[in-house]
Every structure is written in C-alpha cells, then in structure tokens.
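Values in this text are rule-based calculations from the coordinates and carry no lab data. This is a predicted model, so every value here is computed, not measured. Don't worry about glycine lacking a Cβ; one is built from the backbone with ideal geometry, like all the others, and counts go over all protein chains shown.
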Amino acid sequence: MNFVLLSLDLAGAAKQPADALVVLVPAGYKPGKDGLGTLMTQALKAGELDTQAGKLLALYRVPPVRAARVLLVGAGEGSARQVRQAMQAALGVLRSGSPAVKKLLFCFAVAPQAGALRAAVQAVADTSYVYTTTKSKADGRSLARVSVAVRGAPAAAETEFARAVATVTGVEFAKEWANRPANHATPTLLAGAARSLAKLPKVSCEVLGPREVARLGMGAFMAVAQGSEQPLRFIVLRYQGGNKLQAPTVLVGKGISFDTGGISIKPAPEMDEMKFDMGGAASVLGVFRALAELKPSINVVGLIPSCENMPDGRAVKPGDVVTSMSGQTIEILNTDAEGRLILCDALSYAERLKPAAVVDIATLTGACVIALGAVRSGLFSGDDALAQRLLAAGEAAQDLAWRMPLDEDYAEGLKSNFADVANVAGRAGGAITAAKFLQRFTAKFPWAHLDIAGTAWKSGAGKGATGRPVGLLLEFLLGQEKGSLLGVQRSSKRSARTRKA
C-alpha cells in the first residue's frame with residue numbers, strides 16, 4: 001500500500017481523482033462556501049450528518065466531488081482515538097461495498113490534533129490489511145494507494161505522517177511473520193527474515209546456530225529446543241544510527257515458532273494459534289523494519305531466541321534441571337512454561353552488550369490474558385523511569401500497556417528443593433511470577449518486560465496477528481533519540497576532563 005501526503009484544503013481534495021473520498025468532520029465544524037462545504041452545511045442542518053465519532057453519511061456521485069463515493073464521517077472532538085474510530089468505521093463501509101476501492105483519499109475538515117494524522121493512517125492500514133502469503137490467490141480488494149490531504153501540510157504534519165507510514169511498514173512486517181503457519185516460519189526462516197532486514201540502511205544481522213549457542217552455555221534455551229527436528233536459531237540484529245559511544249537499547253523477542261507445550265502438552269482446541277507464540281520476535285523484526293525507514297540517531301540491538309517446543313523422545317521432561325547461561329540452575333516443573341527459559345538466556349546475553357535498557361517482549365502467560373484481556377499489554381519493571389517512558393509511549397501510539405506489580409513476595413513460589421529456581425509457581429499471579437523469574441537475570445541493567453499474550457493476536461472470525469507492540473516500542477525508541485545524544489555529549493565531556501586531568 002502506497003501512502004501519499006497532499007497539501008490540500010477541502011475544495012482541493014474534492015477535485016482529486018479517487019475511488020472514494022473520506023472527510024473527517026469534528027464537532028462544531030463550520031463548513032466553507034465551496035461546493036463540498038455547501039453540501040456539508042445542508043447535511044448538518046438537516047441532521048443527516050452526525051459528528052459523533054464513527055457516525056457517517058454515505059453519498060454517491062456528488063457533483064462537486066470527483067471521487068465516485070463520498071463518506072462524511074464524524075470525528076467527535078478530533079482526538080487521535082476518535083479519529084481512529086472514525087476511520088475504522090469508514091473503511092468498514094468501503095470494504096463491504098462494490099466495486100472495490102483501490103484509490104482512497106481522506107482529508108481532515110480542520111487541521112488535525114497531535115497524533116490524529118498518525119491514528120488515521122494506522123487505522124486505514126490495520127482495517128485494510130489482508131494476509132495472502134499462503135493463499136493461492138491474492139486479495140482483489142486491497143488498497144493500492146491512500147492519499148492524505150492536510151491543509152497546508154506543515155512540517156509537524158510531514159514528520160507525523162512519516163512516522164505513521166514507518167510504523168505501518170513495521171507493523172505489517174510483524175503481522176506477516178506472526179501470521180505465517182509454523183511450517184512457513186521455522187526458526188531458520190525467521191533468521192532469513194532477519195537477514196533480509198540487513199539489506200536496509202544501518203541494519204546488520206548475525207545468526208547463531210546450535211553449536212554457537214552451546215558454546216555460550218545457553219542450557220535453558222537448548223533444553224526447550226531439544227525436542228524438535230527444527231534447529232534453534234539465536235538472532236542478533238543491530239541498528240547503528242547513533243554515535244559508537246551510545247549504549248544500545250536492547251529488545252528481546254520471544255521466538256517460539258510453534259508451542260505444543262512440550263511434554264506438558266496443551267489441549268488440542270485452538271492449538272493452531274500457538275504459531276503466534278513468536279509474536280514478540282515478530283514485533284522486534286517489525287521495529288527494525290521501521291527503524292530502517294526513519295533512520296533515527298540511536299543504537300538498538302534486537303535479540304531473538306527462536307525454536308519450537310515439541311514433545312518427542314528427546315524433549316525436556318518435568319522435573320529436569322538445566323543450567324542457564326547465567327550459571328543459575330532451573331527446575332523445569334512445566335515444559336509449557338518454555339518462553340521464560342529461552343528469554344532468560346537471551347537476557348544474560350544482553351548483559352555483555354552493556355545496554356542502556358533492555359525490554360523483553362513475549363506472549364508469555366495466559367494469566368496476563370485473564371488479567372488484562374486484549375486491550376492492554378502487561379508491563380513489568382522495577383525501574384520507575386523506564387516503566388513510565390514505556391507507558392507514555394503506549395499512550396502516544398495508542399498501543400496501550402498497564403503496569404503490574406513485582407513485589408518480592410511473588411517470588412516465594414519459585415523456590416525449588418532441587419535447583420536455584422523453578423520455572424513456575426502455580427496458577428495464582430501467573431503473569432507476575434513469570435516476570436519475577438525473568439527479573440532474576442536482569443540485575444546488571446534497567447529492564448522491563450511486556451507480556452503481550454492478550455494483545456499480539458486476535459481469535460475468532462478475525463483471527464490474526466495485530467502487530468502489537470511495534471507502535472509502542474517504536475515510540476519508546478524514538479523518544480530516546482534526544483536523550484541519547486545528550487548522553488553522548490556528557491560522556492564526551494567527562495572523557496575530555498579525564499584526559500586533561
């Protein structure tokens with residue numbers, strides 16, 4: 001899908017060729033005296049046009065408008081959330097109609113509020129996305145071109161538009177890999193997707209196989225992988241946009257390409273959805289795809305431990321004790337709590353990178369789904385400043401998270417008679433105890449954990465990956481750009497003072 005930003009008022013937008021024109025109309029809007037404005041005035045006076053967010057008036061072959069189909073859509077107070085709601089309603093109507101809309105033009109009746117332009121672009125992309133990779137025929141209703149008209153198109157709008165398009169690119173890359181069936185997204189194929197990103201500006205990739213991982217002593221990761229015919233892969237992505245003195249922010253994505261539960265096998269119903277258990281890995285890939293578009297002056301490392309969790313004769317068993325890369329021993333009481341086992345070794349690897357911060361992203365626990373549903377991702381962190389930045393990034397990107405507790409008392413259930421720690425602590429507070437397990441491997445750096453089990457995909461008729469939390473992570477990283485530059489300057493000044501001394 002090709003997005004284009006146009007500097008046009010409503011009268012100019014009405015003259016543009018398109019299959020459909022969508023006009024976002026906020027409460028209190030006073031139309032002009034041009035042809036489209038006169039039409040809107042009449043519709044408002046007649047009560048046919050309601051400016052409540054998502055309410056719409058559909059028109060066909062309106063003389064002042066060149067587009068065949070016209071949708072006048074209420075945008076409420078014009079907030080980002082309401083604009084997103086309005087665009088979702090408009091796209092729902094357009095996609096259900098005939099003929100298919102290939103060229104869409106949408107415009108704001110007034111200058112958009114902060115975040116509204118980005119919300120509209122992302123809503124169009126999200127609502128019109130269709131997975132086709134393993135289908136015999138491509139979807140014939142896909143949008144080919146989306147033009148966005150903003151009066152005057154100031155620099156702020158251009159910046160927001162560029163960020164929105166980059167986010168969409170990253171989200172759709174994440175959706176693509178999360179949606180692929182497990183036999184089309186093995187650890188080796190995921191590594192290939194990461195290598196493809198290394199062709200983009202400022203991105204490099206290294207892939208470690210079983211021998212390299214064994215030399216690193218990643219016993220927990222290897223234990224999960226040993227029951228599968230598919231070899232594990234440890235993927236290291238680097239985006240080098242900043243000064244070499246800048247400590248990188250590290251993203252760690254859980255990459256279980258299919259999760260049967262291992263010997264502690266899952267129930268058969270809906271097990272097909274366990275192809276989404278690499279949603280954390282997919283989000284890391286998506287973030288790097290977006291970073292290559294925006295080219296910010298920051299340094300980011302992505303770590304993706306990827307393997308299958310399968311129950312064959314070599315599979316790890318409940319009660320087995322393994323040694324992690326950190327040297328801590330782990331009693332595996334439940335082989336279906338495998339995500340934390342591959343993540344703990346990746347977190348230990350992150351320590352050698354001397355990171356500014358580490359954020360792991362994982363479809364980790366059903367308990368988080370029960371706690372927060374599909375609206376907010378669970379956020380766990382002992383670092384208040386880091387947690388606040390992530391929460392604020394989620395609000396700005398409309399990719400919401402909610403901070404959960406990490407009281408030390410929750411770690412009691414992880415005690416083991418046979419190892420340093422057990423990998424589960426019972427059903428109560430399961431998302432929290434999983435986070436407490438991971439926290440044991442993060443003493444040397446600021447750390448946060450995002451449990452996206454409820455937000456990474458949808459079930460039911462609309463089954464598929466959501467691409468979350470690419471938007472949150474990208475917003476968080478871009479927010480570090482200014483701070484990273486200041487940090488380098490301070491570091492350089494300290495080094496200069498040291499040399500003088």
Volume per residue (Å³) of the convex hull spanned by the alpha carbons of the range 95-218 is 164
Rounded to the nearest 0.05, FRET efficiency between residue 55 and residue 418 (Cβ-Cβ, R0 41 Å) equals 0.10
A student asked for the Cα radius of gyration and Dmax of the range 376-445 in angstrom ought to give 13.7, 46
Between residue 402 and residue 15, Cβ-based FRET efficiency (R0 60 Å, step 0.05) works out to 0.85
Farthest towards the positive end of the dipole of the chain, among 115, 159, 469 and with Cβ unit charges of +1 on Lys and Arg and -1 on Asp and Glu, lies the Cα of 159
Between the alpha carbon centres of the range 240-267 and the range 368-410 the gap in Å comes to 18
In units of 2.2 N^0.38 Å, the Cα radius of gyration of the chain is 1.05
In terms of the alpha carbon gyration tensor, root eigenvalues a ≥ b ≥ c, rounded if a/c is under 1.5 and otherwise prolate when a/b exceeds b/c or oblate, the range 145-303 is oblate
With DSSP loop assignment and no more than 15 other C-beta atoms within 10 Å, the trypsin sites (Lys or Arg not before Pro) in the range 35-77 are 61, 66
Compactness summary of the range 1-96: radius of gyration and Dmax from Cα atoms, Å, are 12.6, 37
The size of the Cβ-based charge dipole (Lys, Arg +1; Asp, Glu -1) of the chain about the Cα centre, to the nearest 20 debye, is 1880
Residue 121 neighbourhood, Cβ < 11 Å, K/R = +1, D/E = -1, net charge +1
Per the rule of 0.36 nm per residue minus the C-alpha distance, extending residue 145 to residue 68 adds in nm 26.1 nm
In nm, the gap between the two label points placed 7 Å beyond Cα toward Cβ at residue 461 and residue 320 is 4.3
Helix 35-46: inclination vs the chain longest Cα principal axis, degrees, rounded to 10, gives 90
Taking the alpha-carbon centre of each part, the distance from the range 413-488 to the range 1-56 in Å is 42
